[in-house]
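Bear in mind that the values in this text are calculations on the coordinates, not laboratory data. Values in this document were obtained by computation on a predicted structure and should not be read as measured data. Glycine gets a Cβ as well: all are built from the backbone with ideal geometry, and neighbour counts include every protein chain shown.
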Amino acid sequence: MDFSLYNPNDVTEIKNLFVRTFSDSESEAEGEIVGSLAYDVMATTEQNDMFVFIAKKDGEIAGSIIFSRLTFENGINAFLLSPVAVSTAFQGQGVGQALINFGLNTLKEHGVALVFTYGDPNFYSRVGFAPVSKEVVKAPLPLSHPEGWLGQSLTGSVIEPIQGESHCVAAMNKPEIW
């Protein structure tokens, strides 16, 4: 498996990966929602405000993850991991975990201090994420499942409370996905 930053020419293939993966695991409607979300992040977010990574096997994109900037009043360098997809054919083989670790290491090399995600604590805890309460760090929008707000420090320190609001990129600023 080869891990790398995406090529902007792969945007349609990446969108289709998200559509297929979420259609297979959830429903066709969910596949369209998540595929459109991934596409919107890639199409509307400034390059310096996102990192998109892919896993490729034999020329096929097997997985993709997207990190987009999360802004705080204190200016800390933070990103949000969402969405994440691994093709059904490659699930259960550690591809998602390896791709996330590759992404986290790259963000660390770029001076990113904190990374957050909103998802399954059982999965994301395998790659270093831990629950974060709203008293420590507020999510950009109200959460339908507060237990899914997770974070990790890439500096080796504990996540200290951050006062004030957080803001995500425009494509992620949709109450229905939170």
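Numbers for the structure displayed
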{"item": "Relative counts (whole %) of C-alpha pair distances in the stretch 2-177, using bins that are 5 Å wide", "result": "1, 8, 18, 22, 23, 16, 8, 3, 0, 0"}
{"item": "Two-site FRET efficiency, residue 1 against residue 163, from Cβ-Cβ distance with R₀ of 45 Å, rounded to 0.05", "result": "0.65"}
{"item": "Extension gain, residue 60 back to residue 36 (0.36 nm per residue minus Cα-Cα distance, nm)", "result": "6.6 nm"}
{"item": "Gain on full stretching of the segment that runs from residue 25 to residue 13 - 0.36 nm per residue minus C-alpha separation", "result": "2.5 nm"}
{"item": "Whole-Hz ³J(HN,Hα) from phi, Karplus 6.51 cos²θ - 1.76 cosθ + 1.60, for the stretch 33-39, glycine and proline x", "result": "5, 6, x, 5, 4, 4, 4"}
{"item": "Percent of beta bridges antiparallel (DSSP, the chain, rounded to nearest 5)", "result": "90 percent"}
{"item": "Computed lengthening from residue 170 to residue 97, 0.36 nm per intervening residue step minus Cα-Cα distance", "result": "23.6 nm"}
{"item": "Cut-off under 5 Å, modelled amide H: who pairs with residue 80 long-range", "result": "68, 69, 70, 116"}
{"item": "Alpha carbon centroid spacing (whole Å) that separates the stretch 21-77 from the stretch 117-169", "result": "18 Å"}
{"item": "Top positive-direction residue, dipole computed over the chain with Cβ charges, set 96, 74, 39", "result": "74"}
{"item": "Above-threshold pairs, the threshold being 24 Å between Cα atoms, out of 15/57; 56/108; 15/174; 108/174", "result": "108/174"}
{"item": "Cβ charges +1 (Lys, Arg) and -1 (Asp, Glu), total dipole of the chain, debye", "result": "340 debye"}
{"item": "Backbone HN-Hα couplings from phi across the stretch 124-135 [Karplus 6.51/-1.76/1.60, Hz, Gly and Pro as x]", "result": "5, 5, 5, 10, x, 7, 9, x, 10, 7, 5, 6"}
